[in-house]
Amino acid sequence: MQSNDLIDAIDAWDTYWDETQRAAVTVMQTAFPRLVEQQGRCGCHAFRMEFAEGGFGQGRVCIDDEGRANVEFEEMPNTVITKAVDEVRFPFIEGSDGPLAEAPPGTYVYECEVTASEFEFVLGDHGLGKVSVLSATVPDAAAVLDALERAFTE
């Protein structure tokens, strides 16, 4: 193999990877249409989308250089969070003995050992909570976003 062959192969990989990350942005915006893409890099994240909507909360979704999704939503109604989480049906949520809709305010976590991702749901004392998804696969993060969107619009 010649040096030019390697450079051509790396260039092809770069192009494919950029297209893959762009596709991830499309998936996130399809699952949660309120997201608006922000220009420029933010820290280690190649792509960042944000939303802010009265009565529904605010937050961001980032796709990192490894193709993982990170979600940080705040001030979301607890009822939306619990409905979405119960719909996704995580195999085990630490701190919850049943449906999250029946759980008191607090922090509930699911850690996926297979993908090394973490899903944290905080039900606030005053009816507003947080959703945090760290290092999730795009399909897993999209499932949560889609469930949140549908829970709010139903």
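Only residues that are within 12 Å of Gly59 (Cα to Cα) and part of a loop (DSSP other than H, G, I, E, B): list them for the stretch 18-38, please.
Phe32, Arg34, Leu35
Give me a count of the residues in the stretch 73-93 that are touching a Leu at 6+ places or on another chain (Cβ under 7 Å), at pLDDT 95 or above and either at negative phi or basic (Lys, Arg) (or both).
Total satisfying the criteria: 9.
Which numbered condition in (1) of a type outside the set (A, V, I, L, M); (2) over 24 Å from Cys112 (Cα atoms); (3) surrounded by 14 or more Cβ atoms within 10 Å (Cβ to Cβ); (4) without any contact (Cβ under 8 Å) to a residue 24 or more places away in the chain is the only one that Arg34 fails?
Status for Arg34: all satisfied but (4).
Given (1) in a helix (DSSP H, G or I); (2) in contact with a Leu (Cβ under 9 Å, 6 or more places away or on another chain); (3) not charged (D, E, K, R), identify the lone condition not met by Met49.
Only one criterion in (1) in a helix (DSSP H, G or I); (2) in contact with a Leu (Cβ under 9 Å, 6 or more places away or on another chain); (3) not charged (D, E, K, R) is unmet by Met49, namely (1).
Do you know which of the residues in the stretch 95-112 that are surrounded by fewer than 17 Cβ atoms within 10 Å (Cβ to Cβ) and touching a strand residue (DSSP E or B) at 6+ places or on another chain (Cβ under 9 Å) is modelled with the lowest pLDDT?
Gly95
If you check Thr153, Thr115, Thr82, which single one turns out to be farther than 17 Å from Thr30 by Cβ, without any contact (Cβ under 8 Å) to a residue 60 or more places away in the chain, surrounded by fewer than 20 Cβ atoms within 10 Å (Cβ to Cβ) and more than 13 Å from the chain's Cα centre (by Cα)?
Thr115
Within the stretch 69-95, take every residue that is part of a helix (DSSP H, G or I) and aliphatic (A, V, I, L, M) and give me the one that is farthest from Ala151 (Cα to Cα).
Here the answer is Val88.
Restricting to the stretch 120-150, name every residue that is within 9 Å of the chain's Cα centre (by Cα) and part of a strand (DSSP E or B).
Listed by number, the residues that qualify are Val131, Ser132, Val133, Leu134, Ser135, Ala136.
Residues Thr107, Thr115: which one is within 21 Å of Glu75 (Cα to Cα) and out of contact with any Lys or Arg (no Cβ under 8 Å at 6 or more places or on another chain)?
Answer to the check: Thr107.
Looking at the stretch 63-72, is at least one residue touching a Pro at 6+ places or on another chain (Cβ under 8 Å), of a type outside the set (S, T, N, Q) and at positive phi?
The answer is no, given that none of the residues of the stretch 63-72 is touching a Pro at 6+ places or on another chain (Cβ under 8 Å), of a type outside the set (S, T, N, Q) and at positive phi.
The values are calculated or read from the model by the stated rules, or taken from the named source; none is laboratory data. In this text the structure is predicted, and so the values were computed from the model without any measurement. FYI the Cβ positions are ideal-geometry reconstructions off the backbone, even for glycines, and counts take in every protein chain you see.
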